[in-house]
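This report refers to the structure that appears directly beneath it.
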Number of protein chains: 2
Amino acid sequence: MNNFQKVSVEEGARVELHDLLALTGAEISINTLPAGASVPFVHSHRQNEEIYAILDGEGTAEIDGETVAFKAGDWIRIAPSAKRRFFASYKAALKYVCIQVKVNSLENYTMTDAVV
Amino acid sequence: MNNFQKVSVEEGARVELHDLLALTGAEISINTLPAGASVPFVHSHRQNEEIYAILDGEGTAEIDGETVAFKAGDWIRIAPSAKRRFFASYKAALKYVCIQVKVNSLENYTMTDAVV
């Protein structure tokens with residue numbers, strides 16, 4: 001396997017990066033929900049922590065029954081067991097990145113993992 | 001611990017999300033390099049795969065001696081052992097996200113990890 005992979009993502013495309021980039025420690029998807037659309041089914045995860053980055057637009061999440069508003073620039077971590085669903089606002093499309101990683105898998109990072 | 005955490009990141013700020021979001025499976029940093037600036041020291045990682053998302057601007061990476069051009073919309077995976085450094089172009093500031101995850105840590109994802 002190469003020591004690196006690169007992919008160019010077109011504006012507005014839905015892309016799952018795991019296979020494209022040969023990721024081994026995360027799945028990352030780039031998503032767009034049209035204005036007023038939602039991911040309406042409540043779901044949780046077996047072992048993955050999810051991290052959402054809101055790139056554009058705004059909306060709300062329901063997390064364990066609590067309503068959480070979000071907008072571009074917000075980052076949200078959701079624990080595996082939390083029950084969640086998502087709604088784009090009626091004003092504009094919602095563009096976001098979802099990062100899935102195994103909970104408690106990170107051991108070292110930045111200066112404790114780097115070799116200069 | 002709460003089942004979720006949220007943080008709002010201001011435009012242009014450098015932010016490390018691990019502690020802010022109580023992440024357990026990743027470190028994520030949001031970074032800006034001024035036009036013409038670089039992260040000039042060559043480094044590799046002990047066990048972390050790095051994933052770079054280019055949000056704005058363009059530049060080049062040197063990865064194991066190979067020069068790789070990148071621009072907004074590009075995503076790059078770099079294996080732990082790869083020796084790397086980064087340069088913003090002289091045209092504009094480079095805004096990017098760096099995601100660190102432990103190599104080979106992801107076991108299931110999306111439909112195999114979700115509970116509906």
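Read-outs: derived from the displayed coordinates by stated rules, not from any lab. The structure displayed is predicted, hence computed values, not measured ones. A quick note on method: Cβ atoms are made from the backbone with ideal geometry, for glycine too, and the neighbour counts reach across all protein chains shown.
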Discussion item. On a straight-distance basis, which aspartates and glutamates could pair with residue B:71 in a cross-link, Cα separation under 18 angstrom, same-chain partners fewer than 8 positions away excluded?
Written reply: A:10, A:11, B:50, B:56, B:58, B:62
Discussion item. Give me the inter-chain shielding for B:18-30: mean count of other chain Cβ atoms within 10 Å, whole number please.
Written reply: 6
Worksheet entry | Per-residue HN-Hα couplings for the stretch A:102-115 [Karplus 6.51, -1.76, 1.60; θ = phi - 60°; Hz; x = Gly/Pro] | 6, 4, 6, 8, 7, 9, 10, 7, 6, 5, 7, 10, 7, 10
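Would you work out if the protein assembly as shown is rounded, prolate or oblate? Take a ≥ b ≥ c from the square roots of the eigenvalues of the alpha-carbon gyration tensor; rounded if a/c is under 1.5, else prolate when a/b is larger than b/c, oblate otherwise.
prolate
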Worksheet item: How big is the Rg/Rh ratio for chain A, C-alpha atoms only, Rh by Kirkwood, two decimals?
Response: 1.00
Response to the item:
Taking a label point 7 Å from the Cα of residue B:56 along Cα-to-Cβ, the residues of the stretch A:38-79 whose backbone nitrogen sits under 19 Å from it are A:53-58, A:71-75
Practice prompt. Would you tally the net charge around residue A:71, using a Cβ to Cβ cut-off of less than 10 Å, leaving residue A:71 out, and scoring K and R as +1, D and E as -1?
Written response: -3
Practice prompt. Choose one of A:13, A:105, A:67: the residue whose Cα lies farthest towards the positive end of the charge dipole of chain A (beta-carbon charges +1 Lys, Arg; -1 Asp, Glu; about the Cα centre).
Written response: A:67
Discussion item. Could you derive backbone 3J(HN,Hα) for the stretch A:68-75 from the dihedral phi with the Karplus parameters 6.51, -1.76 and 1.60 (θ = phi - 60°), listing whole Hz in sequence and x where the residue is Gly or Pro?
Written reply: 10, 7, 9, 8, 3, x, 7, 10
Response to the item:
Each label sits 7 Å from Cα toward the beta-carbon; between residue A:90 and residue B:67 the label points are separated, in nm, by 5.4
Worksheet entry | Cα centroid of the stretch B:52-116 to Cα centroid of the stretch A:1-34, whole Å | 10
Worksheet entry | Relative counts (whole %) of C-alpha pair distances in the stretch A:30-98, using bins that are 10 Å wide | 23, 58, 19, 0
Worksheet, complete the sentence: Counting only DSSP loop positions in the stretch B:1-81, the GluC sites (Glu not before Pro) whose Cβ has at most 10 other Cβ atoms within 10 Å are B:10, B:11
